[in-house]
Structure formats: C-alpha cells, structure tokens
Amino acid sequence: MHHTGEMDVRACYTAISVASLLNILDFEITKGVGDYILRCQTYEGGIAGEPGSEAHGGYTFCGLATMILINEVHRLDLTSLIDWVAFRQGLECGFQGRTNKLVDGCYSFWQGGSLFLIQRLLSIAENQIKSLPMSIEQEQLSMEGNVDSAAFTVPKPDGSQRQIHYFENKDAGKGSATGLDFIRTTNGGPLFHSIALQQYILLCSQVLEGGFKDKPGKARDHYHSCYCLSGLSVSQYSFSKSADSPPPPNAVLGLYSNLLEPVHPLYNLVLDKYYKAHEFFSVMS
Amino acid sequence: MTRFSAAPLPGRVTLGPDANWPSQFRTVPRPGQTGQWPIPRALPNAGLMRCVPRRPGQASQASFALPRALSRCVSRRRGQAAGGPGHFRVAGVRISASAGRVGTAVMSSDEDEWVPFSRRPEWSDVKPVPQDDGPHPVVPIAYRDDFRETMDYFRAVYLSGERSHRALNLTAEAVSMNPGNYTVWYFRRLVLEAVDADLNDEMEYVNCVASKNSKNYQIWHHKRWLAEKLGPEVAQKELEFTKRIFAIDAKNYHAWSHRQWILEALGGWQNELDYCTELLEDDIFNNSAWNQRYFVITRSPLLGGLQSMRESEVSYAVEAILSNPENESPWRYLRGLYKGDPNLLICNNQISGVCLQVLKTKHNIIFPLSLLLELLCHGFQPSTEFVSAVEALRTSVPESSSTSSLANTICSVLETVDPIRSNYWSWRRSHLPAEVC
C-alpha cells in the first residue's frame, strides 16, 4: 500500500485504477498482478485480501475491477465468483461482506457493484459455463506493450482472438477509450435483487438527518455515506443497457427523483467526472 | 525550579546512541531489564517514583499493558499545562518537575496534562515543521492544537533523519493520536533499527496498541515486520495473541491474515486443524474457521495435501451440514474440496447423498438444490430418487413442463423458493450447459 507497507488486493486496485485513469497503464506495472489476484480467489468463489484469507466483498470488488482493468478477468473462475457474490444478499435485502456475517450498507457497492461489473462481462462467464465439464480454455492475453484497459479478448471458434471494447472507441486511438458503451447483458437485468437492495439502503442505512450508516444501531459516517450512495446508484442503473440511457421507472425505488447520478463502476466516479478525467489524460499519452 | 533540567543540547541531535542522552531520558531498558517498556532510568528520589503498576511475575506485560493506560499516558488533555510548573513525560511517564513533588508518575486520568513540545526542554533544539498543504488546500482539516504540534515535531525529525530515543517516543505519541498514520509507523521502524531497540519489547508495545485498535492495518503490519525479524521463536506467542483477539472477535480479518502468515513464515501447524475444530464447536457458522480449515488442509506441511485430506473433510462437512443444514459454510466448503476436480465431485456418493437427504426434509432446500444443480452441470446422472425429491418441491411452482430437464426444474424451483436471487437463478437457467438443458 506504500513503501515497505502491507501488500494486498486493495493495493492492486488502488495502483491499477489510478494508473488506468491517468492513462499510464503499461506492461511493466501490470506484470504479475493477475497472477497474484488469481491466488486470492478462494474456494468459496470470492476474492480475499491475501492468498489464503477469507473471501470478502471489499477485496472481491478490488480484485475483480483490477482484473478487468488489466484485461485478465477471464482468468478468474467467474461462475464461482458470481455464485458467491449473489449469495451475499440476504434476508435483510442488503449485502453481507462474508459468508455468515452481518449485512452492511457499504457492501451495497462492493458486492452490488461487483455484480454490476459482471453483468457487463457475461459473455466471458457464459463461455466458461458452456465449457463445463471440460477444462476452461486458457485465453491468451494480447499485449503490445500498451494495455488497452478498455478491452478484453475472447477466443473465437476458429482459434483467433476477438477484442471486445468496454467503451465505444470514438477516437480509435491506441489505448484510448472515450465514451461508454457497456457490453450488453443477455437478459438485460441485474444479477442481484436491485429493488430489495434499494429498500435496504433507503430504509435501513439512511439517516434522516443526513448521510448513511452500516445498519440500524450504528452511527453514520462518510465512508458508509459514500458506498451506500454508490451502491444505490449502481442498483438504479442495473436495468440500463448503456451508461447513458436513463433507467426505466420501475428500476428506481420510490419517486423517480430518487435517481442518482450514474457512476463508472470500475472507478466509482460520477460519470461526468470520469469523462473529464479521461479526456484530460488521454491528451497526455 | 526544575529538578530535571537537561543540559542544553548542542544543536540538533541527529543520529546517536542512547549514551548521548542525559541518563534520565534514556528509555530503552538495558539488557537484563525484562518486560516493562519503556522505563525511565533511575532518577533522583527514584524510590518515590512509580512508573506504572508492575506486577511481579508478569514480565511479559508491558508497562502500557492496559489499553486505558495507553491513552492516559499520552494524554491529549491540555489541562493546566499552561499555568503549571511544568511536567514532562518520558515515553508517557509523567514526571513532575515542581519542587517538592517528586514524580508520582502516573496514570491518573484526573491529573493528566499534555505538555506542549515547545515547553519540553529536551525538544528545545528542534524547529517544528508545519504541514504544507499548498496555497489552496482542498479540504483543510481543523486539527487540534496538540495534534498539530505533535505532527509538526514529527515532521521535523522525519525530515532531518533523526534516529533517537526521543524520536521513538515521539512516534509513540503521534501514533496514539492517529494509529492510521503509516508514515509514522514507517519512521518508527527506521528508528527501531537504528537504535537497535529490543524488538520483543516493541512487540509488547504494539500488542497493547493492537488490543485497542484491532482493525488497524498499520498495527498488524508492524507486528508482521517485528515477527519476521524475531523469527520462529515468536511463532507460539503470535499464535497465542491472535487467539486472544479471536476470543473477542472470532472473525477479525487482520488477525486471521496474521495467523496465516505466522504459520507459513514461522511454523506452528501442529495444532491448527484442532484449533479450527474447537472454534467450530463454539460456532459452527464461523466461516473464518472454515476458511482456516481449508488453509490448513491445503498448505500444512504436516498433512498430505488436499487429496489425502479430502475424504475425512467431506465427512466432517457432511456432519456439519446434517446438524445445521441452513449453514452455508459447510456447503461451500464441500464444493471447495473439489475445486478443479469436478469429476470426483460428482462421483462422491456422500455428497450427492447429503443433497438428497436434506432435500427430502423439504426444509433448507436452497443449498442442496444449488449443489445438486452444480453436480448436474458437471455431468452427474441423477437417479429417480433425486428427480422425485425435486419434483416434490415443485408443487408450489406454477410453471411445469415434463420436458424440462432436472437442472431446468431446479432453477425454476429456486426462482420461487429463493426470491432474493430470482434474477440470478433466471440467469443460471438461461445459461445451462448444453448437455443439461
């Protein structure tokens, strides 16, 4: 996390997401990261902070987002990951961070956001499912010195690779990705119960005087305020095919004016801010 | 009149061993002094002076053993410091400087006063360095005065590269105000190395801080750093420490990571599986303990690895399932035992057997249905018993088709009985492997 500091999946995400946003991702910085994160996926399907530790929502988001950013998400066992995350939503309607632990509003983003990301990767996951019970095909990573954080590759039947871009490549410049056009989901819906999650956030985590909290009985704080809101946003937009299209009314619990700004699920930045940053840093390559 | 006025120190003290310091400010115990840290050296009228409550035979207990004491000994209260005759602290031990009142150093919260660094003679040579937030700070923080000053002095020693005992004490003060400041911890490590401090004492100190801040990354990292330097002799002690943490919070993530690291780096595996069993006897739902089981059976050099442990672990998990079928942990553990070996998974009769057994009870059917679905996706050939058991659950499900595969039916049932995951089951249903559609 810092010079001589502790090493875990958070640091992978922090470094890679910042490098990605600043458009300075390259082979050097991503070398070995995917291997490490793979070692952090546990027998439960989720991702741990360090190899051997327990699968945990926060680290799962960090690991998953990082793998996406470095174009190695296909190396994860996505079916077991999806299964684990999906089972973190419980009777209270919010998400828990780990198996058999308590619900907490902040996991609305760590877990809900992970499933939101996965929605947009489903073609890879489907390939993995379809290849059961045979061994999962190892996909080659194509790196030409510059990692295009906006794309990932999937194998084609003829053995060649197909690049799928997360983002509409308006510039078609090498490594640049402007605009946003998420991969379409096959059935258009979230993998979790979006309305239930919104219920938990608004009814249990919300503090009427302002801000959000872990759960009733806890005090509000900025961390929970941030991640409950991010989780709420992700939930509201989980029915949208693309980042720019407004959600249908039934996607938003309560008044439609409850609708929040959309966030970029890899960075948890409000999209407008992301666009600005992206534009600024793409000029500087 | 100050009793303990130090001779004015020439210039800035940079590197220097203990010996450079006036005797009363030495804080690192001499060889032979056990346990307590830090302890001021003998002072005039030392007989009247009490450091901290010391109990014979508890050599391992730090002088700051009580977490309460820790916060008291580096008090943030400003109290009468301004007007009083002056007290100062040596690593938190309060020494009264007023005539006639010899240091009853202690930990009485009513009398705690924080002395500004500007009033501490031993710091008179140091020019504090203010925080530089630039000309237009984005989120300027309204620091408390004592915090600001402490950090101003920290910055001074950090930037000058000082490695001394007073710097060490300063880091203790800074860390008590913000245990999350990793730069202070980092600098503390540099100083510890430079003054060749007793790292066992340091471990006692950090354990004290840890018991009050058991979810702080920096503290656990510091422990890891110390343990690595101290080597295998501390393995048992470290494992014991994590046990004490688990007694308070059996799922403390940092403690589990630390425990795993100790095992792999310094050893101590012999009783680990038994410890997991113990924890699971206390709470069969403790997923951290299940995770630790997996860790042990896959990594312990004393065991034969996953393959050889599988059979006994399957039995263990099945037993746990039968006693609490609603417990997700053993179900996931079972699946985990066959990670990467799906062919063996579907051949294990105990596994398909426990699915059937729980399904037949018609209670807590989500996990067995989910596992059965997984078995089917890996090529399991269900007997008619399985089909009937699932059919028996389908009476409440409106949609029914005799041509649906069992896998498909299971998904339908799950969409109804596990409504929070209806979207997930619906997605699973539309993406079943061709062979089981």
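Throughout, read-outs are computed from the coordinates displayed, never taken from laboratory work. Given the structure is predicted, the values throughout are model-derived calculations rather than measurements. Here the Cβ is made from the backbone with ideal geometry for all residues, glycine too, and neighbour counts use every protein chain on show.
Among A:LYS101, A:LYS215, B:LYS362, the ranking by other beta carbons within 10 Å of each residue's beta carbon, starting with the fewest, stands as B:LYS362, A:LYS215, A:LYS101. If R0 is 22 Å, what FRET efficiency do you get for B:CYS347 and B:LEU322 from their C-beta distance, rounded to 0.05? With R0 = 22 Å, the Cβ-Cβ based efficiency is 0.60. What percent does the relative contact order of the range B:342-437 come to when contacts are Cα pairs within less than 8 Å and at least six residues apart? Contact order relative to length: 26 percent.
Using the Cβ atoms and a cut-off under 13 Å, what net charge is assigned to the surroundings of B:ILE321, where Lys and Arg are +1 and Asp and Glu are -1? Combined, the nearby Lys, Arg, Asp and Glu give -2. Using a cut-off of 22 Å between Cα atoms, the listed pairs A:LYS215/B:LYS362; B:LYS229/B:LYS251; A:LYS215/B:LYS223; B:LYS339/B:LYS362; A:LYS213/B:LYS215; A:LYS213/B:LYS243 include A:LYS215/B:LYS362; B:LYS229/B:LYS251; A:LYS215/B:LYS223; B:LYS339/B:LYS362; A:LYS213/B:LYS243 as exceeding that distance. Here the range B:188-319 is treated as a sphere whose radius is the Kirkwood value from Cα pairs; by Stokes-Einstein at 4 °C and 1.567 mPa s it diffuses with a coefficient of 82 µm²/s. Excluding same-chain neighbours fewer than eight residues apart, the lysines reachable from A:LYS273 by a Cα-Cα span under 24 Å are A:LYS170, A:LYS174, A:LYS241. Over the range B:342-437, the hull volume per residue, using the convex hull of the C-alpha atoms, is 91 Å³.
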